[in-house]
Amino acid sequence: MNGFESITNVDGVITPTSDARVPVMDRGFLYGDSIYEVFRTYGGIPLFYDEHWTRFENSAELIHMELELTKDQMRDEICRTIRATNASKCGRDAYVRYTVTRGEGPVDLFPSPELVTRYVIIVKGLNDWNPEFYRVGVCLAIPETRRNPVSALDPNIKGGNYLNNVLGVIQARELGADDCVMLNDSGLVTEASNSNVFFVIDDVLVTPGESAGHLRGLTKAAIKTACIARDLDVVSRDISLDDLANTTECFITSATREVMPALSLRLPDGQILSYPEGGGAVTRRVMEYYKDFIDTYLAGNAHLSMF
Ligand SMILES: Cc1ncc(COP(=O)(O)O)c(C=O)c1O
């Protein structure tokens, strides 16, 4: 398999990613004043392009940013960028991250309406997750840092400031885990650093409800649809530390991870919960249902290929 050359498009200028530059006075750099989306392709077919755009528009609205590109213009620019890579030749799936920053301006927190937004599209090979994360499972820990409250920085703003999640994952690594599961200010489970989380409690598949404050993951939504269609109920509800003590399975989900089983979860008091290697019976059912769901999606959307 050939390597995947990463290519970046900054406001229409396409170069190898290592040559791409953004000015230091860009507010994305100065203040994290930007929003982004990440999607993956299977072959050339983008997964959930329209749904990502809807979430992107919601992020823009939440930070009072006017988008200058339309969904179709962004798609055209993404296609141009993907075609500048060797993705179709090396047969690799692509990771696509598009960001819009509030643009370049003076050092002033208030974003003047005259600012012109900047877009950056990064295309690279899909993440090579450690195969052990699927064969055995990922180790999770609950860090001290709580997830940003909705009333302060809504986790549904998929923005350029991920310090809350960065702190969560740093603390999880210090605790010997691979990733974190963050609680909100009320002590309820929200999500992992860049993925959503599901548990099995008393044989029921449960995931935090929206009021806990987490990004509305598109993989999470697809999993709910796929499971319900196959008669596996998914309950969205508050999950407290007491509930965690009764969990028998756990997995995390995102566009690039798909369904990744958890091997363990460290609680704040140091107790470590263990889950079945490679995922228990429910997790394995979810993996199968999600894979079938994606296969059906791809079969029905071949015409959307970006190659
Ligand atoms: C904080 C956070 N939660 C959840 C997710 C999972 O979202 P999705 O399934 O749309 O990839 C992500 C991934 O972008 C994320 O950054």
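The values are calculated or read from the model by the stated rules, or taken from the named source; none is laboratory data. Because the structure is predicted, anything quoted here is derived from the model rather than measured. Glycine gets a Cβ as well: all are built from the backbone with ideal geometry, and neighbour counts include every protein chain shown.
Test Ala222 against the criterion of being part of a helix (DSSP H, G or I), within 26 Å of Arg285 (Cβ to Cβ) and among the small types (Gly, Ala, Ser), and give yes or no.
So Ala222 fits the description; yes.
Select from the stretch 157-214 the residues that are more than 14 Å from the chain's Cα centre (by Cα) and acidic (Asp, Glu) and list them in ascending order.
Across the stretch 157-214, the qualifying residues are Glu174, Asp178, Asp185, Asp202, Asp203, Glu210.
Of the conditions (1) out of contact with any strand residue (DSSP E or B) (no Cβ under 6 Å at 6 or more places or on another chain); (2) in a loop (DSSP other than H, G, I, E, B), Leu30 satisfies every one except a single condition; which number is it?
With (1) out of contact with any strand residue (DSSP E or B) (no Cβ under 6 Å at 6 or more places or on another chain); (2) in a loop (DSSP other than H, G, I, E, B) applied to Leu30, the lone miss is (2).
Could you please let me know if Asn127 is of a type outside the set (A, V, I, L, M, F, W, C) and at pLDDT 95 or above?
So Asn127 fails the test.
Got a sec? Which of Thr296, Thr248, Thr253 is among the β-branched types (Val, Ile, Thr), farther than 13 Å from Val200 by Cα and either at pLDDT below 95 or part of a strand (DSSP E or B) (or both)?
It is Thr253.
Given the options Asp242, Asp231, Asp185, name the one that is without any contact (Cβ under 8 Å) to a residue 12 or more places away in the chain, more than 10 Å from the ligand (Cβ to nearest atom) and in a loop (DSSP other than H, G, I, E, B).
Asp231
In the stretch 42-86, how many are under 23 Å from His303 (Cα atoms), within 16 Å of the ligand (Cβ to nearest atom) and among the polar types (S, T, N, Q)?
Of the residues in the stretch 42-86, 1 are under 23 Å from His303 (Cα atoms), within 16 Å of the ligand (Cβ to nearest atom) and among the polar types (S, T, N, Q).
Name the one entry in Arg83, Arg102, Arg118 that is of a type in the set (Lys, Arg), within 14 Å of Met306 (Cβ to Cβ) and touching a residue at least 12 places away in the same chain (Cβ under 8 Å).
After ruling out the rest, the residue left standing is Arg83.
Could you check how many residues of the stretch 121-151 are surrounded by fewer than 20 Cβ atoms within 10 Å (Cβ to Cβ), in contact (Cβ under 8 Å) with a residue 60 or more places away in the chain and within 16 Å of the ligand (Cβ to nearest atom)?
Qualifying residue count for the region: 8.
Would the stretch 152-165 turn up any residue that is under 20 Å from Asp26 (Cβ atoms), in contact (Cβ under 8 Å) with a residue 40 or more places away in the chain, buried (at least 17 other Cβ atoms within 10 Å of the Cβ) and not assigned by TED's automatic domain parsing to the domain that holds Ser264?
No, because not a single residue in the stretch 152-165 is under 20 Å from Asp26 (Cβ atoms), in contact (Cβ under 8 Å) with a residue 40 or more places away in the chain, buried (at least 17 other Cβ atoms within 10 Å of the Cβ) and not assigned by TED's automatic domain parsing to the domain that holds Ser264.
Anything in the stretch 198-222 that is more than 9 Å from the ligand (Cβ to nearest atom) and of a type in the set (A, V, I, L, M, F, W, C)? List them, or say none. Don't jump to the end; show me each part of the working.
Start the filter on the stretch 198-222 by keeping residues that are more than 9 Å from the ligand (Cβ to nearest atom), which leaves 198-213.
Selection gives Phe198, Phe199, Val200, Ile201, Val204, Leu205, Val206, Ala212.
Any chance the stretch 263-279 includes a residue that's within 16 Å of the ligand (Cβ to nearest atom), surrounded by 15 or more Cβ atoms within 10 Å (Cβ to Cβ) and either closer than 21 Å to Val138 by Cβ or modelled with pLDDT of 95 or more (or both)? It would help to see each step written out before you state the result.
Going residue by residue through the stretch 263-279, those that are within 16 Å of the ligand (Cβ to nearest atom) are none.
No, the stretch 263-279 contains no residue that is within 16 Å of the ligand (Cβ to nearest atom), surrounded by 15 or more Cβ atoms within 10 Å (Cβ to Cβ) and either closer than 21 Å to Val138 by Cβ or modelled with pLDDT of 95 or more (or both).
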